[in-house]
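Asks: Let me begin by handing over the structure; questions about it come next.
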Amino acid sequence: QTTHLERATGNLIEQLLPVLDSFELALNSAGTDVERLRKGVELVYGEFLGALEKAGLERIEALGKPFDPEVHEAVMHVEGGDPGVRDVVRTGYRFKGRVLRPAMVKVAT
């Protein structure tokens, strides 16, 4: 008997299989051409992000925003300039409105 969670997980995996196929194709076709590999990886990244966004994932916008401890984790501080987020060290994500991982940011004070 399959649970709802197992079905949902199976559906997500099924949506990610084309991404896996694209990774394989990019790796097999790039050879030693670094530019072709980079373009292939960019395409796969977009496909992967699209599948996750379709499932409910969203990036937490941080750069240039006021610091918000609910969605940002300050890991560095710099003096001067406009207060707020100056740089994103690691992207944060929400899943269906709930913060999965806050954005690690550099903050101006």
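The values are calculated or read from the model by the stated rules, or taken from the named source; none is laboratory data. Small disclaimer: the values here were computed from a predicted structure and weren't measured. Note that we place each Cβ from the backbone using ideal geometry, even for glycine, and neighbour counts take in every protein chain shown. Each accessible area value is taken on the protein alone, full model and side chains, heavy atoms only, with ligands, DNA and RNA left out. Shrake-Rupley method; radii C 1.70, N 1.55, O 1.52, S 1.80 Å.
Asks: Going through the stretch 67-103 one residue at a time, which ones are touching a His at 6+ places or on another chain (Cβ under 8 Å) and assigned to a strand (DSSP E or B)?
Replies: Within the stretch 67-103, V85, G92, A103 meet the criteria.
Asks: Regarding L63, is this residue within 30 Å of G10 (Cβ to Cβ), outside any strand (DSSP E or B) and within 18 Å of the chain's Cα centre (by Cα)?
Replies: So L63 fails the test.
Asks: Now, a different point. Which residue pairs have Cβ atoms under 6 Å apart, sit 6 or more places apart or on different chains, and have a first residue in the stretch 69-83 that is in contact (Cβ under 8 Å) with a residue 24 or more places away in the chain and a second that is part of a loop (DSSP other than H, G, I, E, B) and open to solvent by 60 Å² or more (accessible area, probe 1.4 Å)?
Replies: H77/T109
Asks: Can you tell me which residue is nearest to L57 (Cα to Cα) among those in the stretch 26-39 that are at pLDDT below 85 and surrounded by 11 or more Cβ atoms within 10 Å (Cβ to Cβ)?
Replies: Top of the filtered list is A26.
Asks: May I pose another question? Find all pairs meeting these conditions: Cβ atoms under 6 angstrom apart; at least six residues apart or on different chains; first residue within the stretch 13-41 and of a type outside the set (S, T, N, Q); second residue open to solvent by 90 Å² or more (accessible area, probe 1.4 Å) and part of a helix (DSSP H, G or I).
Replies: Once the first residue is of a type outside the set (S, T, N, Q) and sits in the stretch 13-41, its partners that are open to solvent by 90 Å² or more (accessible area, probe 1.4 Å) and part of a helix (DSSP H, G or I) give A30/R36.
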